[in-house]
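Everything on this sheet refers to the single structure shown next.
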Amino acid sequence: MTGLRFATRLCAVLAALWLPVIACSGGGDGPKGNTTGNGDGGQSAGGIGSNNSSSSSGDDIGGDIGLTSSVSTGPQADAGHETTCDDAGNCTCINIASIGREGVWGPCSSDSTTALQNWLNTQSTAQVDNYNTEKPTLTPEFLAKYDVILLQWMVTKGAQNDDGAPWQFTADEVNALKDWVNNGGGLIALSGYQCSGQGCTVHDVTATNQLLSFTDIQFNTNGVLDPAQSGCPNCNCWGGSLPLGGPLQGSVGTWNQDTPIGKDIQSVGAYIARPIKSTTATVDCTDGTNNFAVHEEVGKGHVVAYGDEWVTYSGQWLGTAECLDPRLYTDPNSGCYERSAAQVFQISQFWYNVIKYAASSVECFTIEDPVIIK
């Protein structure tokens, strides 16, 4: 397999992508044509790291085109991390591996995750390799190239209402990941990529729970945070997702302002999440019955678990999607007036908090984003 950096770091993308977010444009009607799935995802055409690309082996340590690579031996050697910049001023000091497929639902049931992709690759000192269709082998050598591992939808098929079989990891791979985390690696686990109703077998937690087996964190297979069951009158304004936390009508749960993950987050969009069970992890978001986000220290490393993947969708980042009429947010007579997903959710704050905590062994990680509270 050949290595593939999952986006080019172009300042033009920043201008094209982020300015609409700052201007708080668009984001509206709920998912269309999705009656059996959880609406929980959205990206059939690529994902966080690719444009319909195959997986990257990550065997190359070099940077993006035009970027001087910074050879790192992983989180164990933080003192060796150096920020390297290209002629355009794009700088890198942290390496992230995104393992697993991205979601295939989201606003309009056809969203992408390119907004997250571009945000990381144009506004942060992070550089990401994507392994989205083939399972990489988690050896000490593979893991040593990364500071943060993001676990996504680790299944063989990854289609709407059809996960395929879950990826299987050997005991040696789990032990290698355990050692890597104990030595300072940062592990982020997402879930909730698929439906949980009749006719759907949930496999999106199987491989993730296997890899989390050395922690005190596991995902349940049931679905929570269903807008259809919570009475959310304005969920159509942000693409169908339910407000997790915050003062919005129909919102569920609370973000803990005293934790590094929950701090400065009022609300994010969620749709059919997996609750998390743990006895010792710190709870970052809960409704008092179900835990939606938790974190814990494992040796020198940090682990974060979040039960939903709607925080990866472009429709939540930008407040725009193909089924949403932007006039919803500019018409004062509209119930969605100035209430797009980009205006009411703190998606970028969520990712800043999560990556900053997970990558705490890498002090050179920074991100430039005027809406983030640091």
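Only the coordinates and a few stated rules stand behind these numbers; no lab work does. Remember, predicted model here, so these are calculated numbers, not experimental data. Cβ atoms come from the backbone with ideal geometry, glycine included; neighbour counts cover every protein chain shown.
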Interchain or long-range residues, amide H under 5 Å from residue 112's placed H
314, 315
Which cross-chain or sequence-distant (5 or more) residues have an amide H under 5 Å from the amide H of residue 291, H modelled 1.01 Å from N in plane?
276
Provide the per-residue ³J(HN,Hα) series for segment 129-143, in order, calculated from phi with Karplus coefficients 6.51, -1.76, 1.60 and θ = phi - 60°, each as a whole number of Hz, with x at glycine and proline positions.
9, 10, 10, 9, 10, 10, 5, x, 8, 7, 9, x, 5, 5, 5
Which of the lysines could be linked to residue 263 by a straight reach, that is with a Cα gap under 25 Å, when you skip same-chain ones fewer than 8 residues away?
277, 300, 356, 374
If amide hydrogens are placed 1.01 Å from N in the peptide plane, which non-local residues have theirs closer than 5 Å to the one on residue 298?
303
Given a Förster radius of 30 Å and the C-beta distance between residue 334 and residue 165 as r, what FRET efficiency does 1/(1 + (r/R0)^6) yield to the nearest 0.05?
0.10
Could you calculate, for segment 156-265, the ratio of the Cα radius of gyration to the Kirkwood radius, expressed as Rg to Rh?
1.03
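On full extension of the chain, what length is gained from residue 213 through residue 175, given 0.36 nm per residue of separation minus the C-alpha to C-alpha distance?
Details: separation 38, 0.36 × 38 = 13.68 nm, distance 0.97 nm.
Gain on extension, residue 213 to residue 175, equals 12.7 nm.
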Sites residue 371 and residue 325, calculated FRET efficiency, Cβ-Cβ separation with R0 25 Å, nearest 0.05
0.55
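Residues with beta-carbon under 11 Å from that of residue 291, excluding residue 291: net charge, scoring Lys, Arg +1 and Asp, Glu -1?
Numbers: positive: 274, 277; negative: 284, 287.
Once all neighbours under 11 Å are counted, the net charge is 0.
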Using θ = phi - 60° and Karplus 6.51 cos²θ - 1.76 cosθ + 1.60, couplings along segment 300-314 (whole Hz; Gly, Pro as x)
8, x, 10, 10, 10, 10, 9, x, 9, 10, 5, 6, 9, 7, 4
